[in-house]
1. Considering region 1-39 alone, what residues qualify as being within 23 Å of the chain's Cα centre (by Cα) and basic (Lys, Arg)?
2. For region 5-44, what are the residues that are outside any loop (DSSP other than H, G, I, E, B), farther than 10 Å from residue 97 by Cα and among the β-branched types (Val, Ile, Thr)?
3. What's the number of the condition residue 47 fails, among (1) closer than 18 Å to residue 95 by Cα; (2) not in a loop (DSSP other than H, G, I, E, B)?
4. How many residues does region 30-82 hold that are touching a His at 6+ places or on another chain (Cβ under 8 Å) and of a type in the set (Ser, Thr, Tyr)?
5. Just give me the residues in region 50-78 being farther than 30 Å from residue 3 by Cα, of a type in the set (D, E, K, R) and either assigned to a strand (DSSP E or B) or touching a Gly at 6+ places or on another chain (Cβ under 8 Å) (or both), in sequence order.
6. Restricting to region 79-94, and then to whatever is free of Cβ contacts under 8 Å to residues at least 24 places away in the same chain and in a strand (DSSP E or B), can you tell me which residue is farthest from residue 16 (Cα to Cα)?
7. Looking at 97, 59, 22, 91, which one is surrounded by 14 or more Cβ atoms within 10 Å (Cβ to Cβ), at pLDDT 95 or above and in contact with a Phe, Trp or Tyr (Cβ under 8 Å, 6 or more places away or on another chain)?
Amino acid sequence: MFAVVRTGGKQYRVAPGDKIVIEKIAGEAGDTIQLGDVLLAGEGAELRSTDGLTVAAEIIAQAKAEKVIVFKKRRRHNYRRKKGHRQQHTILRIVAIGDQRAEPAPKKAKAAKPAAQAGAAGTPAADAPAQTATPVDAAEAAPAAAAKKPRAKKSDADAPADSEAHVQAPLKVEGAESEMTDSPVAAKRSRKAAKDDGE
């Protein structure tokens, strides 16, 4: 069964189990809401009456869209204004349309990695089963995974040996006689030394 609902000035075609991103509505993650503005409902090519029909949905998360830069400029008037904006969204999972509920997803069998790969890795994480995630679940888990990521360590090959000395480029190039390349202090010292030697 499907339905077309209107919320936030937009229309969405939904079915039980679908995930949609709509304009922000009040509620916390895990709350159940009712979308009462159903424009169309049906199953296959057959349409149903929408009188008293509601769509039940569960709030997955309150999120923000990508940043949009608003830049205003008026030529020849030194007028520039730069402002950023992130639209607030609500991510919903459609639970039911009328009395038809979403079928629970069948539990997937745990897929084990081949023994050759698990033995080569030798870590407990390699023995863990692989999990698949939807794009919305991946977007929710990305900030948590980024926070837990360990910092990279420098390898011994990249680090310089203790016996090696870091050589910096000389500030003055040998044989450069131009006043532009020599520092004024060094030029003054050399003139003073030449004057002292001459006397």
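The values are calculated or read from the model by the stated rules, or taken from the named source; none is laboratory data. The model shown is predicted, which means the values in this text are computed figures rather than measured ones. Here the Cβ is made from the backbone with ideal geometry for all residues, glycine too, and neighbour counts use every protein chain on show.
1. Across region 1-39, the qualifying residues are 19, 24.
2. Within region 5-44, 5, 7, 20, 21, 22, 32, 33 meet the criteria.
3. That leaves (1) as the condition not met.
4. So the answer is 0.
5. Residues satisfying the conditions are 67, 72, 73, 74.
6. 79
7. Among 97, 59, 22, 91, only 22 is surrounded by 14 or more Cβ atoms within 10 Å (Cβ to Cβ), at pLDDT 95 or above and in contact with a Phe, Trp or Tyr (Cβ under 8 Å, 6 or more places away or on another chain).
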